[in-house]
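*Asks:* The following block contains the structure, expressed as structure tokens.
No lab work stands behind these numbers, since they all come straight from the coordinates. Quick caveat, the model's predicted, so the values are computed rather than measured. Neighbour counts are summed over all protein chains in view; Cβ atoms, including those assigned to glycine, are modelled from backbone coordinates with ideal geometry.
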Amino acid sequence: MPPPPAGRRHVEDARPLPVFAGALRDELQEHALQRADFFFYFVVTMKIVVAEINRQRARQQQPSLPDAHFVLAKATDQIGSGLRNDDEPAYTAFDPKDEKVVDKPTTMFTRADAAHFCNLGLALNFAEACRATVFTRDGYERLKVHAGATKLLPQQVNIGPDRKLDVLHAELAPRMLNDGGLIFTRDRVASYRSAAVETLESYRKAKAAKGLKGLAACAQCYLDMYASKDFEGRVYRRVYPEILGLCESSPVFRGQSHLFYR
């Protein structure tokens, strides 16, 4: 197993305080879509970068590494920070029992976290493995961004339904990377959606049964996005250009993007 890093790399993105025009409901639906995007950004980039690392290892008569060798289950990078505000006249606490909490502005809550899109991590020895070529060094930097990108969301959401997706990403990534198939297809996206629906529906029912209708309503927002028309197509159209761009920037995989998607 690759060694984990000593701590999370933290980068401030220097953005001003966010102002979201829509309600929390809209932000959570978009967040569900973006989480799928960033999950696939991460796994396709890792697949291509490790393919180049293994090509270099073969030249040195070293054995190939599994495609998920450098993937960790928890985020090792974070771009941005959460917010805490006790100005009660302007902000309010998140009420997990209020099913109408999703109709409130996203930025009105007293406690907000930098919620990861991907939440996967990079092993400590990955940087060293990427030093050999310009292409792998660039891939390493891309993966740090994919792993560390965040959005400000209420803390209760980050440790609630969003945490369930963190765990799902940690289960799906090594499975998809190591199963020997093309890393990105519409069937892959459909499989992701099915797993996410099962995870969030189970969470929604559990919270509703406990009277936590606010958290159940938040989970329903994710489910609404997964049920939307052409979810797979929207993810596919966002991710496949990343594969094309990576392959075209590689002297080895230029014109070979078919090795990674269909």
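*Asks:* Taking the Cα-to-Cβ direction at residue 57 and at residue 238 and moving 7 Å from each Cα, how far apart do the two end points lie in nm?
*Replies:* 3.1 nm
*Asks:* Here is a follow-up. How do 74, 229, 207, 100 line up, fewest other C-beta atoms within 10 Å first? Kindly include the intermediate steps, with their values, before the conclusion.
*Replies:* Values: 74 15, 229 6, 207 21, 100 12.
Ordered by Cβ neighbours within 10 Å, fewest first: 229, 100, 74, 207.
*Asks:* Also, I was wondering about something else. Mind checking which helices in the chain clear 18 Å along their axis (Cα) and have mean Kyte-Doolittle hydropathy of 0.0 or more, DSSP H runs only?
*Replies:* 213-226
*Asks:* Take 225, 108 and order them by how many other Cβ atoms sit within 10 Å, fewest up front.
*Replies:* Arranged by neighbour count, lowest to highest, 225, 108 become 108, 225.
*Asks:* In addition: Find how many whole Å separate the alpha carbon centroid of the range 137-181 from the alpha carbon centroid of the range 43-97.
*Replies:* What the calculation gives is 5 Å, centre to centre.
*Asks:* Let a ≥ b ≥ c be the square roots of the eigenvalues of the Cα gyration tensor of the range 195-257; is it rounded (a/c under 1.5), or, if not, prolate (a/b larger than b/c) or oblate?
*Replies:* Working: a/c = 4.82, a/b = 3.49, b/c = 1.38.
Here the range 195-257 falls in the prolate category.
*Asks:* Please order 26, 103, 77 by the number of other Cβ within 10 Å, starting at the fewest.
*Replies:* Going from sparsest to densest Cβ surroundings: 103, 26, 77.
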